[in-house]
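Peer 1: First the structure, which I've put down as structure tokens, then a few questions once you've had a look.
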Amino acid sequence: MSHAPVNIADLATPLKFAYWVPNVSGGLVVSKIEQRTDWSFEYNKKLAQIAENSGFEYALTQTRYAASYGADQQHEATSFSLALLGATERLKVIAAVHPGMWHPGVLAKFMITADHLSNGRAAVNIVSGWLKDEFVNFGLDWLEHDERYVRTEEFIRVLRGLWTEQDFSQAGKYYNINEFTLKPAPIDVPGRPHPEIFFGGNSTAAQGTAGRVADWYFSNGRTLEGYSENVNGVLAAAAESGRKPRFGLNGFVIARDTEKEARDTLREVVEKAHRPAVEGFAAAVKEAGASTKDGKGMWADSSYEDLIQYNDGFKTQLIGTPEQIATRIVEYKKRGVNLLLTGYLHFQEETAAFGQDVMPIVRELEADLARKHGTELDTSLLPVTNFEKVSL
């Protein structure tokens, strides 16, 4: 196994863990395998409380307007995120939003209110958009691939400007802001200049945008080598702008007592896949990937099996025993991962198990890795856990 240079990794800072909020019916794999999950608020409220007491620091609420991926129900992301913030004490909740669906000034105001209501725990994930039918059927302008990232970059610059400046102005192709001040400002959180801005995409245009304006770059599931390629593209753009974004990676977790059990579960997921839904999704995303100038887009190299988990979570290969998964996670840390975004078949049970069985091994391996390279893991940055409050 090849190893990327550890100088791109923050060895002293513990990895952060997040989970996908299942605000969509049917779960996170497009398969008829049993998935003990639920899109209701009551289920998600309990899940959020389990997650924050199990060591998770973030949750990401998905956005779609036309329910897709074989699902038939989906809650709106920003309102659902606000409700989850109100149901928790420490968890940061990231609401996914589309430029083109929102005006950045309206979103900036909404997020400030959410930030005050949650004492500084609101965050946003900017999704440039690839599902053409949502825009066209809403009567909204549909931009071609690279142009969507031009709009996204302007959108993020407006968000940051309105959050950090008074009498902010920006003259752009898509947004023109004239000496505007939002009051109140976001909560003053030490080490955080404004609510965190997450952003994802595998294309060259997406990597450039992330490097120039995002606080966090989210990657779809990737192999070790594929992830390093994504990181390098973002780092190059960030260096030109004098910035240092952090990095998140998607991974679908199947942790079992033996590797065989885990692999058998994955095999069952694939065998029971809802083929028409997966193939319909594949057709839509392949069209999106083909629209990039260089053919490098989200899902551009994804197989049918990959797309059963619609953010390529199987590619990260977090499948096996807790020890195997923890070892794999730390290999990604060596390549610059700061946050791992996880999904599960059975959300409440498996987030609790991940916190109790996998995270402690990750922490031991992180501490060993740091010492080997002449530093120490900063345990003061570890999240609060309270397993006594975790009830299933």
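Peer 1: Say a paramagnetic label sat at a point 7 Å from the Cα of Ser40, along Cα to Cβ; which residues of segment 9-31 have their backbone N under 17 Å from it?
Peer 2: It comes to 22-27, nothing else.
Peer 1: Here's something else I'd like to know. If R₀ is 45 angstrom, what is the calculated FRET efficiency for the pair Val189 and Ala66, using the beta carbon separation as r and rounding to 0.05?
Peer 2: 0.80
Peer 1: Let me ask something else. Would you order Thr164, Thr385 from fewest to most other beta-carbon atoms within 10 Å of each residue's own beta-carbon? If you can, show how the numbers build up before the last one.
Peer 2: Details: Thr164 12, Thr385 17.
Starting with the residue having the fewest Cβ neighbours, the order is Thr164, Thr385.
Peer 1: Continuing with the same structure: At 7 Å along the Cα-to-beta-carbon direction for both Lys132 and Glu147, put a label point, then send me their distance in nm to one decimal.
Peer 2: About 1.3 nm separates the two model spin labels.
Peer 1: By per-residue mean of other Cβ atoms within 10 Å, what is the highest-first order of 51-59, 39-47, 343-351?
Peer 2: 51-59, 343-351, 39-47
Peer 1: What FRET efficiency, computed as 1/(1 + (r/R0)^6) with R0 = 35 Å and r the Cβ-Cβ distance, is obtained for Leu381 and Thr265, rounded to the nearest 0.05?
Peer 2: Efficiency for this residue pair is about 0.60.
Peer 1: Answer rounded, prolate or oblate for segment 58-122, using the Cα gyration tensor with square roots of eigenvalues a ≥ b ≥ c: rounded when a/c is under 1.5, else prolate when a/b is larger than b/c, else oblate.
Peer 2: Verdict is oblate for segment 58-122.
Peer 1: What ranking do Arg90, Arg212 get, fewest neighbouring Cβ atoms within 10 angstrom at the top?
Peer 2: Starting with the residue having the fewest Cβ neighbours, the order is Arg90, Arg212.
Peer 1: Determine the principal axes of the Cα atoms in segment 104-206, then give the extent along each, sorted from largest to smallest and rounded to whole angstroms.
Peer 2: 38, 27, 27
Peer 1: Then there's this: Relative contact order for the chain: what is it in percent, counting Cα pairs under 8 Å that are at least 6 residues apart?
Peer 2: 24 percent
Peer 1: log10 I(q)/I(0), Debye, Cα-only segment 6-382, no solvent, q = 0.06, 0.07, 0.13 Å⁻¹?
Peer 2: After summing over all Cα pairs, the log10 values are -0.21, -0.28, -1.09.
No value in this document is a laboratory result; all are computed from the given coordinates. Quick caveat: nothing in here was measured; it's all calculated off a predicted structure. Positions of Cβ are backbone-derived with ideal geometry, glycine not excepted, and every protein chain shown enters the neighbour counts.
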